[in-house]
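These notes concern the structure reproduced below.
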Amino acid sequence: MFRGVNAFGGHRTVRVGRERLPAEGGAVLAINHTSYVDFTYLGISVRDVDRRLIRFMGKVELRRNPVVRWLMWGCRVIPVDRSAGHDAYLAAVEELRTGEVVGIYPEATISRSYEIKRLKTGAARMALEADVPIVPCIVWGSQRIAPKGAAKHWGRTGTPVMVALGEPVPPAGTPEQLTETLHAAMNALLHEVQDAYGDHPAGADWVPARLGGSAPTLAEADALDAAGH
């Protein structure tokens, strides 16, 4: 399924650090969120190479779209009903304890600035309760295809997408401390991936303001989200 999405767009997926994903046992994959389709590239990277299926967590509202509903079913997504979020949390912890890899977006929403937003503590709480590591993950380039609040570019674009896994973070400390450690690890990995990705054209809407692009700053993006835009 993931492979078909990648082939449709002719995208070039570059994988970095895949050996950092534990070969067996549970793990939380903490993923940055810059696009509606970034999960597909991570799924390709892990499934094709390591034969591990990532159990992504996804909002139950997404099932209203028949295509997305089919994708969620095929990917064995753990549905998140925000009116009963604790049920999804318990389901994810149970999957981790049975040795599954659970993918979560700790930012909880797409980052329009393409920077790492403030993280929720859910990923840390899951890792601590299930006693499994958190693996930071950065997907970069997918915001050129299906970003939030900017033009989408479907079809055979040949867009390069990098998927990088960082060093596993052990489950230690309080949820708040572990979340702070995770944020620092994700931010450092994001900068490494951006350096390795190549040219970031000045003024491009997919390039962060920090790198000379026209994407909103982190503060501006937070204001847009707060206003419901």
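The values are calculated or read from the model by the stated rules, or taken from the named source; none is laboratory data. Remember, it's a predicted structure, so these values are computed and weren't measured experimentally. A quick note on method: Cβ atoms are made from the backbone with ideal geometry, for glycine too, and the neighbour counts reach across all protein chains shown.
So here's what we get for this one:
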| item | result |
| --- | --- |
| Test for Pro147: is it of a type outside the set (Asp, Glu), touching a Phe, Trp or Tyr at 6+ places or on another chain (Cβ under 7 Å) and in a loop (DSSP other than H, G, I, E, B) | yes |
| Residues (in contact with a Lys or Arg (Cβ under 7 Å, 6 or more places away or on another chain) and either surrounded by fewer than 23 Cβ atoms within 10 Å (Cβ to Cβ) or basic (Lys, Arg) (or both)) located in region 148-163 | Lys148, Gly149, His153, Gly158, Thr159, Pro160 |
| Cβ-Cβ under 9 Å pairs, at least 6 apart or on other chains, region 2-24 side under 22 Å from Gly166 (Cβ atoms) and aromatic (Phe, Trp, Tyr), far side at pLDDT 55 or above and surrounded by 17 or more Cβ atoms within 10 Å (Cβ to Cβ) | Phe2/Phe39; Phe2/Thr40; Phe2/Tyr41; Phe2/Leu42; Phe2/Gly43; Phe2/Ile44; Phe2/Ser45; Phe2/Cys75 |
| Some residue of region 196-219 being under 28 Å from Thr121 (Cα atoms), touching a strand residue (DSSP E or B) at 6+ places or on another chain (Cβ under 9 Å) and not in a loop (DSSP other than H, G, I, E, B) | no |
| Complete set of residues in region 158-185 that are of a type outside the set (Gly, Ala, Ser) and closer than 19 Å to Val37 by Cα | Thr159, Pro160, Val161, Met162, Val163, Leu165 |
| Total residues in region 102-129, condition touching a Pro at 6+ places or on another chain (Cβ under 8 Å), buried (at least 23 other Cβ atoms within 10 Å of the Cβ) and not in a loop (DSSP other than H, G, I, E, B) | 3 |
| Residue among Ala88, Ala30 that alone is modelled with pLDDT of 85 or more, buried (at least 17 other Cβ atoms within 10 Å of the Cβ) and of a type in the set (Gly, Ala, Ser) | Ala30 |
